[in-house]
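Here's the structure we're looking at; comments come further down.
No lab work stands behind these numbers, since they all come straight from the coordinates. Given the structure is predicted, the values throughout are model-derived calculations rather than measurements. Methodologically, a virtual Cβ is constructed for each residue, glycine included, from the backbone with ideal geometry; neighbour enumeration extends over all protein chains shown.
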Amino acid sequence: MSPSVPLQEMIRAIRSARTQCEERGVIQRECAAIRAQFRQADNGGRSHNLAKLLYVHMLGYPAHFGQMECVRMIASPRYSEKRVGYLGAMMLLDEKQDASLLITNSIKNDLSHSNQYVQSLALCTLACMGSAEMCRDLAPEIDRLLRASNSYIKKKAALCAVHIVRKVQDLGELFAPTARSLLAEKNHGVLHGAVVLITELCGQNTETLEKFRKTVPDLVQIMKGLVISGYSPEHDVAGISDPFLQVRILRLLRILGRNNEAASDAMNDLLAQVATNTDSTKTVGNAVLYETVLTVLDIKSESGLRVLAVNILGRFLLNNDRNIRYIAMTSLQKIVGTDHNAVQRHRGTIVDCLKDQDASVKRRALELSLALVSATNIRSMMKELLLFLSSCPPELKAEAASGIFNAAERYAPSQRWHIDTILHVLTTAGGDVRDETVPNLIQLITNTSELHCYTVHKLYRALLKDISQQSLVQVACWCIGEYGDLLVKGECQETEPVQVSEDDILDALETVLQSHMSSPTTRGFALTATMKLSTRITDNVDRIRSVVSIYGSCIDVELQQRAVEYNALFKKYDHMRAAVLERMPVIEKNSPGHTNGVSTGEPVKELKPVQVKQGEPQHAANQVCDLLDLLGGSEEPQQPQLAACSVVPAPPISTSTAGGDLLDLLGGLEPTPLPLLTPAPTMTVYEKDGVTLTLSCEKQSDSGLMVTLTASNSTDSNISGFTLQAAVPKSVQLHMKAPSGDSLPPSDTAKVTQMVVLNNPNKVNLKMRIRICYTIRGSTVQDTIQIDSFPTH
Amino acid sequence: MMRFLLLFSRQGKLRLQKWFTPMSDREKKKIIRDMTTMVLARQPRSCNFLHWKDLKIIYKRYASLYFCLAVENQENELLALEVIHRYVELLDKYFGNVCELDIIFNFEKAYFILDEFLMGGEIQETSKQIVNRSIEASDMLQEDDSSEWYEVELFG
């Protein structure tokens, strides 16, 4: 074989270039020469020129001007030119280029060439870049070659057929009968191609799969031949006879035996034989064993065989080779749901793999460990998992943290343990936890009333140490705000008593408020906590007052609003302050996000991304908590059930005319004060800054009421992100349907409607508090209204 | 099926690229960048399997070259390692103690060998001897061809 001298000289020249710039210069010169050569008529060095161009292409430089040359070379009668031409076609052309169609004819001709190596070039190129049209065109030709040619061509035609079937599924019917007959061939290459083709056909069409089930005995026969045959020099790899074919047949058997008793029975013996006889000292043997195990676990195998398979995986887990351990864990992951006990036996080894150096192995071990946590092993597993969390690679931290939380929630042996675990996670990986952890933890703490003292002490100490982990700081602030009095009292059964003065607490909170590490949400928490302490502690109320008034001119809108409200609470509503800031009631545990009546049934945690999309800066949990806060003022101990509307789950609905009919009925929207009891079915409940909200009711049943809220915008700016949240008294059930949209175009062009279904079985005095949020001219507006009576008939 | 096979040096220079599904040039470039970064960042004795998007990446280092094979999720990773090894054996037999320079200066031969071993993302021939014999025969055909041309030239 004579190497292409001009090509090698060019490669040498390019490699000797010392800088990128020099290399570009050499390549530009070469490309210019190549282009000139292409334009010349037939000359001897054509294949060398194209080869040079392909080299340049591999370095990353543009080579599209060679496409036509490929087409010409493919049509050449010379084998050397055809060879490079087809290589060029595979590298430079793909089905998206127009030039690829031009080679269809050449391929067609070459498929029936007298020389099998030319045929092979055509087949290879077709299988590599044949487009759907080319495939449809040439499929009959491929079928002919599949049936009547030598084994060299047959094996290539089989893989070509696979490509065709992948591109044009209908042509599967054309190849099915031929594929079946190919299984009788002796040549391994053809057999392999046939098995791949049958696998592809079965994968696409269930009817074909049913028909091919009849081939199971033949496949079993072939496998047996491979497994028990003696040494065959042509196909032997480290003592295994043709492992590639074995693995392929096992995969096909898996597809055929899935969900089918008869087929699974027929292959039982064979699988047992392969599993026991295959030598597992080298990777090859393990590859075959691995495939066997996957097949056994996927078909309806008998229990003895399943046990054998799991044992093989257990052996893999103890293998020195990291790859084998990785494979074992991947497979165990698949069966941990169905064969849980069998996998539990290997828990020790799996947990050890958490300490492996390799990141891939660590990831697999983490997933598997989390799946193996149960009520009996929770304490020991959690120790290991927490240890892992402190040293795990950053990309696994979030997954590990959320896994730990789930496990802790399901199997916590005691409340204190649960809280400790969560705190531990927050201190080690606080930055990587999901956002709903904070409200979840707060709920947990509130519900564990006997541990309030312990918790607040622990959190206070954690806060003193480190204020960079936002989730931890938020929870700590909230707790200090709620239970600050317990902190000052100093006595606590669970931990050593520590003397904490009121000033210390306020110092801690102020540090959080002023630190540049604190996010706006965290600062909001800290400010509210400071405010709450004004009722819990006795001496430093003035200090609190001054802190709060400072923030009345803060740049952050949210903080400013809160500070102003709290200031008002000090000045005008001081009589209400105690009631407003009293201890939080126990939050009813409904669902992870404790929502009730979300329109699409999704919990609050889904709300966060929705709000962010609409440009709302508030934390969803804060809104929930704030509504709780603000509802404290009335005589009835309102246990509000909160509903929030999620807008995005439905695709962005432009202001539709879904409520169009209702709008007509509502007529004009005159500004009327909140009417007490009007006979009119609609009333305006809110009108400010051009935004108007009206309400109309319709009695559905004895206790049911359908309320329709309609919003409109009479300003001349567009309003976006319009959302409504509602709260009702304790015994009333609330269900909010999806709103018609979330944007209000200016000048009353269109309206947004929201339907709310209320059920008042105890016939309490019906009230509703509605919070309106929207964005106008780039700034967010928030307002709350209370509806004390509904117009009813 | 296999999606692509890449060979690159320890400095990240690409030596061979075979794509088994159609992709735009830009996508190819991005994948090459991603693969080289991911694989070159691995520790020396780590696991040879990676996850990338919805594919499994199997890589192995032979001397100064990294062989990187991407397969779909249902493929057998251990067998993929064997596929890479088989290809290296074929190259070794052909070039005699193959090294990176052989692949650089005779890249088209490396492709021809690959095209006799794999096709359409699947294994084409499982016997080493048959692949070697096919390559030898094709080479001889190419030689005959050139000598034919040479003869033609002689006669004007």
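The calculated FRET efficiency for the pair A:Ala36 and A:Gln333, based on their C-beta separation and a Förster distance of 60 Å, comes to about 0.50.
Calculate, for A:Ser181 and A:Ser380, the FRET efficiency according to 1/(1 + (r/R0)^6) with r their C-beta to C-beta distance and R0 60 Å; round to the nearest 0.05. Provide the component values of the computation, followed by the final result.
Details: r = 59 Å, r/R0 = 0.98.
Approximately 0.55, to the nearest 0.05.
Here the extension length gained between A:Phe65 and A:Glu9 equals 18.0 nm, from 0.36 nm per residue of separation less the Cα-Cα distance.
When +1 charges are put on Lys and Arg Cβ atoms and -1 charges on Asp and Glu Cβ atoms, the dipole computed for the protein assembly as shown relative to its Cα centre reaches about 1460 debye. Note: relative contact order over region A:147-238, using C-alpha pairs below 8 Å and six or more positions apart, is 27 percent. Close amide-amide hydrogen proximity is noted between B:Tyr62 and B:Phe67, each under 5 Å apart and 5 or more residues distant or on a separate chain (H modeled in the peptide plane; Pro and chain starts excluded). Its DSSP H runs of at least 4 residues, each contributing -39,500 (n - 2.57), put the calculated 222 nm mean residue ellipticity of the protein assembly as shown at -18000 deg cm²/dmol, to the nearest 500. Given axes a ≥ b ≥ c from the Cα gyration tensor, I'd like to know whether region A:224-336 is rounded (a/c under 1.5), prolate (a/b larger than b/c) or oblate. It comes out oblate by the Cα gyration axes.
Under a 5 Å amide H cut-off, with hydrogens placed 1.01 Å from N, B:Leu118 pairs with B:Gln124 among residues at least 5 apart or on other chains.
Inter-part distance, region A:496-528 to region A:43-109, computed on C-alpha centroids, equals 71 Å. Taken as Cα centroids, region A:334-368 and region A:112-185 sit 44 Å apart, rounded to the nearest whole angstrom.
Can you tell me how region B:2-155 classifies by the Cα gyration tensor, rounded, prolate or oblate, using a/c under 1.5 as the rounded cut?
Working: a/c = 1.97, a/b = 1.85, b/c = 1.07.
Judged from the Cα gyration tensor, region B:2-155 comes out prolate (a/c at least 1.5, a/b above b/c).
For A:Lys763, the lysines whose Cα comes closer than 22 Å to its Cα, not counting residues fewer than 8 places off in the same chain, are A:Lys699, A:Lys730. The equivalent ellipsoid of region A:310-460 has semi-axes of 31, 16, 11 Å, largest first, where each one is the square root of 5 times an eigenvalue of the Cα gyration tensor. Near the amide H of A:Asp236, within less than 5 Å, lie the amide hydrogens of A:Asp242, all on another chain or at least 5 residues away, with H placed in the peptide plane.
Summary value for region A:682-787: 27 percent relative contact order, contacts being C-alpha pairs under 8 angstrom separated by 6+ residues.
Are there any trypsin sites (Lys or Arg not before Pro) in region A:410-472 that are in a DSSP loop and have at most 15 other Cβ atoms within 10 Å? List them by number. All intermediate terms of the calculation are to be shown ahead of the outcome.
Details: sites: A:Arg410, A:Arg416, A:Arg434, A:Lys458, A:Arg461, A:Lys465; in loops: A:Arg434.
Those satisfying the criteria are A:Arg434.
Could you state the number of Å between the C-alpha centres of region A:432-448 and region B:30-46? So the separation of the two Cα centres works out to 39 Å. The label point for A:Glu210 and the one for B:Glu100, both projected 7 Å from the Cα toward the Cβ, are 5.7 nm apart. Averaged over the residues of A:157-165, the number of partner chain Cβ atoms lying within 10 Å of the residue Cβ comes to 3. Going down the list A:Lys489/A:Lys532; A:Lys458/A:Lys532; A:Lys156/B:Lys30, which pairs span over 22 Å between their C-alpha atoms? As for pairs spanning more than 22 Å Cα to Cα, those are A:Lys156/B:Lys30. Applying 1/(1 + (r/R0)^6) with R0 = 25 Å to the Cβ-Cβ distance of A:Ser519 and A:Leu387 gives a FRET efficiency near 0.30.
For chain A, the longest principal axis of the alpha carbon atoms and the long axis of helix A:132-147 meet at an angle near 40°.
Among the listed pairs A:Lys96/B:Lys60; A:Lys52/B:Lys29; B:Lys13/B:Lys56; B:Lys56/B:Lys93; A:Lys397/B:Lys56, which are separated by more than 25 Å between their Cα atoms? Too far apart for the 25 Å limit: A:Lys96/B:Lys60; B:Lys56/B:Lys93. Helix A:5-15 and the longest principal axis of the C-alpha atoms of chain A enclose an angle of approximately 30°. Among B:Glu136, A:Glu367, B:Glu125, B:Glu89, the ranking by other beta carbons within 10 Å of each residue's beta carbon, starting with the fewest, stands as B:Glu136, B:Glu89, A:Glu367, B:Glu125.
Pairing the Cα long axis of helix A:261-277 with the longest principal axis of chain A, what angle in degrees results, from 0 to 90 and rounded to the nearest 10? For A:261-277 against chain A, the angle is about 70 degrees. Relative contact order of region B:2-155, taken over Cα pairs closer than 8 Å and 6 or more residues apart, is 20 percent. A simple spin-label model places pseudo-atoms 7 Å from Cα toward Cβ; at A:Lys730 and B:His51 they are separated by 4.7 nm.
Suppose each label sits 7 Å from its Cα in the direction of the beta carbon; what would the A:Asn406-B:Glu27 distance come out to in nanometres? Modelled inter-label distance: 3.1 nm.
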